[in-house]
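Reading through the structure tokens given below for one structure.
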Amino acid sequence: MPLFALPEVRQMFTHMPTQTIALYTEGTYPQAHGGVSVWVDQLVRGLDDHRFVV
């Protein structure tokens, strides 16, 4: 079972402030499609509780 599946562990992280993450994606996201761009897009869209600056 993944660690974040445990309710007591998930509760520890629900009160954390939103983090801002800077991504330097030279020549890939969002200009290009496929490869690394797909991975970055999934990362940015999948982590709703974080703020991304690309």
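Annotations
- Here segment 32-54 is the region considered, the condition is being assigned to a loop (DSSP other than H, G, I, E, B) and surrounded by 12 or more Cβ atoms within 10 Å (Cβ to Cβ), and the residue that is modelled with the highest pLDDT is 47.
- All positions within segment 16-31 that are modelled with pLDDT under 80 and over 17 Å from the mean Cα position of the chain (by Cα): 31
The values are calculated or read from the model by the stated rules, or taken from the named source; none is laboratory data. In this text the structure is predicted, and so the values were computed from the model without any measurement. As a convention, Cβ positions derive from the backbone with ideal geometry for all residues, glycine included, and neighbour counts pool all protein chains shown.
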